[in-house]
Amino acid sequence: MGLCVSHGCFSGPYSSFGRFREAIACAAGIPLPLMAGFDYDARKFLLAHGGGIAGKIAAATPIAWSTLAPDPIHALLDHSDCDGQIKHADLLSLACRLEDLAAKMRMPSASMELRDHADDAMKFALGCHMAHAAGECLTFS
């Protein structure tokens, strides 16, 4: 059992999709584990960011998506990982943003974890282009 996103965007375990989205969020500068709607591990955050009172507050308080500057990548990151759709109207801007992030993820200065997901970002972008050209939404099932 796993996740299938239409138009060849993704097919595989939910855990793999979660790691993919975490890599995309990292490349975009979004602290995905701290965002509202996500299960986040305060201990993991504190270990990664050195603790301190600001880290404890941030780890204890989910960040509302509405507080971030608008970004097409939110359509993918702030989405259920098991069902629903990404609207046709959002697909071109999402595809372009994924292509930009994939280029950033391929840079030699990027971590190995980011580089490992650059091809996944391009595959998802290609699926977005295919769905848009067909006049369809992306569906998660």
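The values are calculated or read from the model by the stated rules, or taken from the named source; none is laboratory data. Every value quoted in this text rests on a predicted model; they were computed, and no experiment measured them. FYI the Cβ positions are ideal-geometry reconstructions off the backbone, even for glycines, and counts take in every protein chain you see. Side chains are part of the model used for accessible areas, which takes the heavy atoms of the whole protein and leaves out ligands, DNA and RNA. Shrake-Rupley method; radii C 1.70, N 1.55, O 1.52, S 1.80 Å.
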Checklist outcome for this item: A careful count of residues in the range 62-81 that are more than 14 Å from the chain's Cα centre (by Cα) and open to solvent by less than 70 Å² (accessible area, probe 1.4 Å) gives 4
Checklist entry - Could we say that residue 97 is farther than 15 Å from residue 29 by Cα, of a type in the set (Lys, Arg) and open to solvent by less than 90 Å² (accessible area, probe 1.4 Å) here? => result no
Checklist outcome for this item: The condition of being modelled with pLDDT of 95 or more and touching an Asp or Glu at 6+ places or on another chain (Cβ under 9 Å) holds, among 131, 89, 121, only for 121
Next on the checklist: So in the range 1-38, with the set limited to residues that are assigned to a helix (DSSP H, G or I) and of a type in the set (Gly, Ala, Ser), which one is nearest to residue 113 (Cα to Cα)?
Outcome noted: 23
Checklist outcome for this item: Within the range 82-94, residues among the aliphatic types (A, V, I, L, M) and either in contact (Cβ under 8 Å) with a residue 60 or more places away in the chain or open to solvent by less than 50 Å² (accessible area, probe 1.4 Å) (or both) come out as 86, 91, 94
Checklist entry - Given the structure, is residue 138 in contact with a strand residue (DSSP E or B) (Cβ under 8 Å, 6 or more places away or on another chain) and open to solvent by less than 50 Å² (accessible area, probe 1.4 Å)? => result yes
Item to check | Of residues in the range 1-23 being without any contact (Cβ under 8 Å) to a residue 60 or more places away in the chain and of a type in the set (Ser, Thr, Tyr), the one least open to solvent (accessible area, probe 1.4 Å) | outcome: 16
Checklist outcome for this item: By residue number, the members of the range 124-135 that are touching a residue at least 24 places away in the same chain (Cβ under 8 Å) and either surrounded by fewer than 19 Cβ atoms within 10 Å (Cβ to Cβ) or farther than 21 Å from residue 80 by Cβ (or both) are 126, 129, 130, 134, 135
